[in-house]
Amino acid sequence: MNNNLNDLEMAKKRDHKILITDEAINKVPRIKYRDIPENEYDNLWDLAKNVLKIAKEENNSNEVAITYSLESAKLIEKGERYIGIALGNEHDVDPLSDTTAYHLVSSAEACVVIVLHNHPSLSDFSLTDVQFLLRYENVKMMVVVTNLGSISYLVKSRKYDLEKAITLFNEAVDKNNAAEKLKDFQNAADYFLRNSYHAGIVYDNR
């Protein structure tokens, strides 16, 4: 997959950080995620709030990623860890910088990666996020929580087609590489989100 996303990251860094408030944490919605078991909704709601709490209390409102295994019950039974937490800086976070998260993404059948983004003027998902979702087969869903408490998610449905997803991603990267203004970078990411259903990826935002 094309890694030439430097322009997008530079645009992201020009944006300003929003500090997290208790009000934002309290307003995080409980989502009925499509293609995710219903018994996981409350766990994922707690984790979405926790990504904000951890950022606020431990990471100066900077970016945080939580990786959660959908096989948590089995892992708890074995006494193994089922949640990884990675702390990033103001502009990005690498979920796999945490050893538990790395292990889960490498070995669990299905993981959810919940990422905090704190830059309001770009799309909820960046192309870097999309690239991460496509690169790792075991990542079933990515959830983005903003510092204002809103949620967006991308989930691989039963109709997920990696080849179509990569083609769509590369088209979005081409648009990104041709972008000159912040709105153009936004439109490049939005192009993937608008068309993700063609590759069997569900996109929703709340």
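Rule-based calculations on the coordinates, nothing more; no lab input. Please read these numbers as outputs of a predicted model, since none were measured by experiment. Positions of Cβ are backbone-derived with ideal geometry, glycine not excepted, and every protein chain shown enters the neighbour counts.
Note on the chain: with a GNM built from Cα contacts shorter than 10 Å, the maximum mean-square fluctuation among Asn176, Asn26, Asn195 falls on Asn26.
Farthest towards the positive end of the charge dipole of the chain, among the residues Val144, His198, Ile25, is the Cα of His198, using unit charges on the Cβ of Lys, Arg, Asp and Glu.
Report, in listed order, any pair from Lys27/Lys156; Lys32/Lys140; Lys49/Lys159; Lys27/Lys56 with a Cα-Cα distance greater than 18 Å. Each step should come with its number before you reach the end.
Numbers: Lys27/Lys156 26 Å; Lys32/Lys140 15 Å; Lys49/Lys159 30 Å; Lys27/Lys56 15 Å.
Where the Cα-Cα span goes over 18 Å, the pairs concerned are Lys27/Lys156; Lys49/Lys159.
Taking a Cβ cut-off of under 10 Å around Glu63, the surrounding Lys, Arg, Asp and Glu residues balance to a net charge of -2, with basic ones at +1 and acidic ones at -1.
Each residue of segment 67-84 was assigned a 3J(HN,Hα) from its phi angle through the Karplus curve 6.51 cos²θ - 1.76 cosθ + 1.60 (θ = phi - 60°); the sequence is 10, 10, 8, 6, 9, 4, 4, 5, 5, 4, 4, 7, x, 9, 7, 10, 9, x Hz, with glycine and proline shown as x.
Comparing Arg30, Arg194, Arg158 in a Gaussian network model of the chain (Cα springs below 10 Å), the most mobile by mean-square fluctuation is Arg158. About its Cα centre, segment 6-205 has a charge dipole of approximately 320 debye under the convention of +1 per Lys or Arg Cβ and -1 per Asp or Glu Cβ, with nothing else charged. Overall, segment 41-109 carries a charge dipole of about 180 debye about its Cα centre when +1 sits on the Cβ of Lys and Arg and -1 on the Cβ of Asp and Glu, all other atoms neutral. Of all beta bridges that DSSP places with both ends in the chain, some 75 percent have antiparallel geometry.
What percent do you get for the relative contact order of the chain when only Cα pairs under 8 Å and 6+ apart count?
Working: 392 pairs, mean separation 45.9, N = 206.
Worked out over the chain, it gives 22 percent.
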